[in-house]
1. At q = 0.07, 0.16, 0.18 Å⁻¹, what log₁₀ I(q)/I(0) does the chain have when each alpha carbon counts as one equal point scatterer in the Debye sum?
2. Specify the angular offset, from 0 to 90 degrees and rounded to the nearest 10, of the alpha carbon long axis of helix 67-89 from the longest principal axis of the alpha carbons in the chain.
3. Suppose a student asked you for the relative contact order of the range 65-219, using Cα pairs under 8 Å spaced at least 6 residues apart; what percent would you report?
4. Over the residues of the range 1-117, compute the C-alpha Rg and express it relative to 2.2 N^0.38 Å.
5. Based only on other Cβ atoms within 10 Å, what is the fewest-to-most ordering of 45, 88, 63?
6. Note the full-extension length gain between residue 135 and residue 123 as 0.36 nm times their separation in residues minus their Cα-Cα distance, in nm to one decimal.
7. Rounded, prolate or oblate: which fits the range 118-205 when a ≥ b ≥ c are the square roots of the eigenvalues of the alpha-carbon gyration tensor, with rounded for a/c under 1.5 and prolate only if a/b beats b/c?
8. Nearest 10 degrees is fine. How inclined is helix 36-58 to the longest principal axis of the chain, computing both from alpha carbons?
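Every number here is computed from the coordinates shown, using simple stated rules; none is lab data. Because the structure is a prediction, the values reported are computed rather than measured. Note that we place each Cβ from the backbone using ideal geometry, even for glycine, and neighbour counts take in every protein chain shown.
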């Protein structure tokens, strides 16, 4: 198989998995949470989004380096893996898997910085790319701070972390899609999914707050 054909096959797999992952993710946003159906859909979402990230990484490393997609691949991969893993740790807090995920994401992000600087991108593209990279470092800083949280905080916060990371992964894919499909109005066309994602996260936070008031866990004694 020739290199162009391998590149086209990788793109086809990337697009197909992305469309399926985004469609499923939007359905999950509008559906009941915590049910057996939600969990089954969640496993499928993780599998599809993993395929998106793997094919995105292959395309970036072996075929064509696109700065925004390189950064989004690292960010979405970390959000997906970390947000999924927290389901299994919950109130016990971070463990060695979390540390490994953070080290890998941070290492790749630092590796990308000189490549981004030398890529010759314009100012509008740089604003989106560096804000995306900044979001990753803020998330990594939060996850580092989690190691010093009192144990009761983990019980209160894990659902919010799960919501934030997986919904952010969904809208990160949407941002990449709009960057590919909508050439006019950039970078605002790429930032719009991030704004919509933030609104969706706030809405889900509010719903979760009403169902399980987090304040009681913060104020309760050890």
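1. Each listed q maps to, in turn, -0.23, -1.17, -1.43.
2. Here the helix axis deviates by roughly 30 degrees.
3. Details: 137 pairs, mean separation 53.5, N = 155.
Rounded, it is 34 percent for the range 65-219.
4. Working: Rg = 16.0 Å, N = 117, 2.2 N^0.38 = 13.4 Å.
The value comes to 1.19.
5. 88, 63, 45
6. Values: separation 12, 0.36 × 12 = 4.32 nm, distance 1.82 nm.
Result for the pair: 2.5 nm of gain on full extension.
7. It is oblate, given that a/c is not under 1.5 and a/b is not larger than b/c.
8. 30
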